[in-house]
1. Go through Asp266, Asp156, Asp322, Asp255 and list them by solvent-accessible area, largest first, probe radius 1.4 Å.
2. How do the peptides 306-314, 223-231, 159-167 rank, highest first, by the average count of neighbouring beta carbon atoms within 10 Å per residue?
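The values are calculated or read from the model by the stated rules, or taken from the named source; none is laboratory data. What you are looking at is a predicted structure, and each value in this text was computed from that prediction instead of being measured. Neighbour counts run over all protein chains shown; Cβ positions are idealised from the backbone, glycine included. The area values use the complete protein model at the heavy-atom level, side chains included, leaving out ligands, DNA and RNA. Shrake-Rupley method; radii C 1.70, N 1.55, O 1.52, S 1.80 Å.
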Amino acid sequence: MTTPQGPRNEGPSGWARPGDQGPLGRPPGPADPATGRLHPGTPPGGLGQQPPTAPPPPQQSEQTDHMAAASADTRRINPTPPPMPGADRTTPIAQPPDEAGEVKKKRRSRRDPLAILLVLIIVFSLLIAGLIGAELYVRHEANNKLAAATACVVKDQATASFGVTPLVLWQVATDHYTNIRIETAGNQIRDAKGMKLQLNIQDINLENKGDSKGTIGALDATITWTTEGIKESVQNAIPILGEFVTSSVVTHPKDNTVELKGMLNDIVAKPVVSGGGIQLQIVSFNTLGFSLPKESVQSTLNDYTSSLTKNYPLGVRAESVDVTDSGVVARFAARNATIPAGNTDPCLADL
């Protein structure tokens, strides 16, 4: 049986594609119930259109729909949520604010060169202040001990001072004293009134050796005896006639003599160095109204001056004596003198 030819298709042109055709101009085939895929349609002018497939039974259709839905669910790509900003970064464990601040301050104080410099300056200043304080204390104590020993020997007030350098602390630590200056008030030296002592001591080495405490390299002393002091001393030496034989004292620097004027006599004496001390040798002796033996007066003066200017400790001896307008100046010295132990001279026991 032949299919009757219908009328000519008056629809859209051959370039138009029906809505139910695929990308190749063929209508899509039915979907495979097992896989859910679409079969391409039969090209036009082919072998002919396949007979339609019989609809599956209701139970098989429901099973096929269930399997297709399950396959579609498994193929569906679940969208991944966008990563949170900073999610892949490791977050450090936060420390308490107080501890973190203390750690930063410690690190900063350790590494800050200015802080280290300030600490060093403070420590250095404290050391210098302590050194100065100790130096002043030791210097004060040493000056007092020397002044007390000198005052005990000469029986007058005295002051003592150490040289500026080196430090007294260093001198005490090494038992080596380089320069010491001692000066008395000028009231008297022992029983000689009006005498003043100026003493310079150098190169003292202290070392206990039984009967001595060390040595003194050089000792130089200058003793000044005023005319008023000479008059008073001679008057005390002659208790009964002192005021009559010595009412005034006049010096003559050109002749290097001293004139003792009194109501009954006139004595001119010349001070000289003798036996490590000083003597007043009578040059002229005039008496008025009575006769007084010159020898007896000379002997009295010798005994008196010897007791004043001899037997000084440390081997000090007179070296020279000069007459000035205001009195007599004598110079004493000692070299490499031995310092006696405390039991030898009580005045030097505390040195």
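1. Asp255, Asp322, Asp266, Asp156
2. Taking the mean over residues of other Cβ atoms within 10 Å, the ranking is 223-231, 306-314, 159-167.
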